[in-house]
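> My structure is below; once you've seen it, I'll send some questions.
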Amino acid sequence: MRKLLALWCAFAAACGGSAAFKDQARDAMPDSTGVAMGPQQAQTSQSNALTVEGGSKDVVGADPWYNATVAFALSINAGTAFTLGAVAAVTASEPTSCTSNSCTWGPGSGALDPNEYQLVVTQNAAGSFDWTLSGRSKMNPSGSFVTLISGNAVPSGQRHRGSGTFTINLDNVGLLSGRATDKGTIDITYSNVGPAHVQANFHNQISQDAQHLGDVGNAYYNYQADITGGGDMEVAWHDVTNEERDDIHSRWKADGSGRADVAVVKPLNPNPQFSNCWDAAARGFVTVYGQLSGVGSVGACSYADASFGTNINTPQ
């Protein structure tokens, strides 16, 4: 009887360990809200991470550089939301199999999803987790799974919070049903324990901007949340097609008021630097100072001094 009880306890302990590892692996994965960048308006579109495609979030009557700040933040949020949303959807179910240090979810998906996914999470000796999400269109059930996103996550003990790195392969994402316009890769480093810090490097992106439609470029993003509710974000874009470089350094306070300091480098053209400031959210983010437009006074800016970005040459 004691032997049978000992065997049962050993089995229960093993199951408990497996369940604990399953939960640890699931909880270590970052989610789309944990790496969302920019003002709150740019983050609220992540509520449906599997379908978000980006789009205009302009506030009518708001300062154009406030809208630009939101639009640039939205572009990276949309780029990460689909893949991280797929991670969340897959891990909502039970894993297909687990070993002592690895769990596999899938292949699987919702009935109406045009694609299916598989996630493999493996714990390293140091306690971090390597993970890979792969996918395949249901229109090609005999095709191979392709890697959509892979990374390393260092857990903090809080669900979906920690630090780490991951790479999104948008070229492979573009092979899935409904994702034909996705191109390039995104390398992301993040820490979301306390105020979020997200850095991203975009490679071989295809511009959707009306003035540069179809141009190929690379971009650098750096976002640091403020403990008071504000934030700081620098966006540097290198249009490889036309050899144009742009850098926007935006800062905003908890009430929404902020400032953008912009630098532009164009071949055979003047290379201007200029600033714009906008009012609080309660007053519609309207322009209180526009250096080029001549609107308002710099004394109305919530940040008195200009602070131009330092990464205009970072994107290659």
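The values are calculated or read from the model by the stated rules, or taken from the named source; none is laboratory data. Just so you know, these numbers come straight off a predicted model, no measurement behind them. All Cβ positions, even for glycine, are placed from backbone atoms using ideal geometry, and neighbour counts span all protein chains on display. Accessible surface areas use protein heavy atoms only, side chains included; no ligands, DNA or RNA. Shrake-Rupley method; radii C 1.70, N 1.55, O 1.52, S 1.80 Å.
> Quick one: which helices (runs of 4 or more DSSP H) lie wholly within the range 1-117 and hold at least 2 residues that are over 29 Å from residue 177 (Cβ atoms) and at pLDDT below 85?
2-28, 40-43
> Looking only at the range 168-205, filter to residues that are open to solvent by 60 Å² or more (accessible area, probe 1.4 Å) and among the charged types (D, E, K, R); which one of those is farthest from residue 115 (Cα to Cα)?
The extreme case among them is 183.
> Give the range 300-316 a look and list any residue that's open to solvent by less than 40 Å² (accessible area, probe 1.4 Å) and either hydrophobic (A, V, I, L, M, F, W, C) or without any contact (Cβ under 8 Å) to a residue 12 or more places away in the chain (or both), or say none.
301, 312
> Another question, then. Within the range 209-229, restricting attention to residues that are outside any strand (DSSP E or B) and among the polar types (S, T, N, Q), which residue is surrounded by the most Cβ atoms within 10 Å (Cβ to Cβ)?
228
> Of everything in the range 196-233, what is β-branched (Val, Ile, Thr) and closer than 22 Å to residue 66 by Cα? Give them in sequence order.
198, 227, 228
> With farther than 23 Å from residue 190 by Cβ, in contact (Cβ under 8 Å) with a residue 24 or more places away in the chain, touching a strand residue (DSSP E or B) at 6+ places or on another chain (Cβ under 9 Å) and of a type in the set (A, V, I, L, M, F, W, C) as the only criterion, which of 240, 235, 264 stands out?
After applying the criteria, what remains is 240.
> Would you please list the contacts, defined by Cβ atoms under 9 Å and residues six or more apart or on different chains, that run from a residue in the range 138-157 that is under 23 Å from residue 111 (Cβ atoms) and assigned to a loop (DSSP other than H, G, I, E, B) to a residue that is among the aromatic types (Phe, Trp, Tyr) and open to solvent by less than 40 Å² (accessible area, probe 1.4 Å)?
145/117
> From the list 127, 135, 143, 157, exactly one residue is at pLDDT 90 or above and on the phi > 0 side of the Ramachandran plot. Which is it?
127
> Here are some conditions: (1) of a type in the set (A, V, I, L, M); (2) closer than 30 Å to residue 67 by Cα; (3) touching a residue at least 60 places away in the same chain (Cβ under 8 Å). Residue 193 meets all but one. Which one does it not meet?
Among (1) of a type in the set (A, V, I, L, M); (2) closer than 30 Å to residue 67 by Cα; (3) touching a residue at least 60 places away in the same chain (Cβ under 8 Å), residue 193 violates only (3).
> Residues being of a type in the set (Ser, Thr, Tyr) and closer than 10 Å to residue 115 by Cβ: count how many of those fall in the range 131-167.
Residues in the range 131-167 being of a type in the set (Ser, Thr, Tyr) and closer than 10 Å to residue 115 by Cβ: 1 in total.
> Let me ask another. In the range 274-299, which residues are among the hydrophobic types (A, V, I, L, M, F, W, C) and open to solvent by 60 Å² or more (accessible area, probe 1.4 Å)? Reasoning before the result, please.
Keep residues of the range 274-299 that are among the hydrophobic types (A, V, I, L, M, F, W, C), which gives 274, 277-278, 280-282, 285-286, 288, 292, 295, 298.
Matches in the range 274-299: 282, 292, 295, 298.
> Hey, residue 103 hits all of (1) touching a residue at least 60 places away in the same chain (Cβ under 8 Å); (2) within 23 Å of the chain's Cα centre (by Cα); (3) open to solvent by less than 10 Å² (accessible area, probe 1.4 Å) but one; which does it fall short on?
Only one criterion is unmet by residue 103, namely (2).
> May I ask you to list the residues in the range 274-304 that are in a strand (DSSP E or B), closer than 11 Å to residue 257 by Cβ and within 27 Å of the chain's Cα centre (by Cα)?
Within the range 274-304, 277, 278 qualify.
> Also: Go through 190, 221 for me and flag whichever is in contact with an Asp or Glu (Cβ under 8 Å, 6 or more places away or on another chain), of a type outside the set (S, T, N, Q) and within 28 Å of residue 128 (Cβ to Cβ).
Just a single option satisfies the conditions, and that option is 221.
> Go through the range 55-91 and count every residue that is touching a strand residue (DSSP E or B) at 6+ places or on another chain (Cβ under 9 Å) and closer than 22 Å to residue 34 by Cβ.
Number satisfying all stated conditions: 15.
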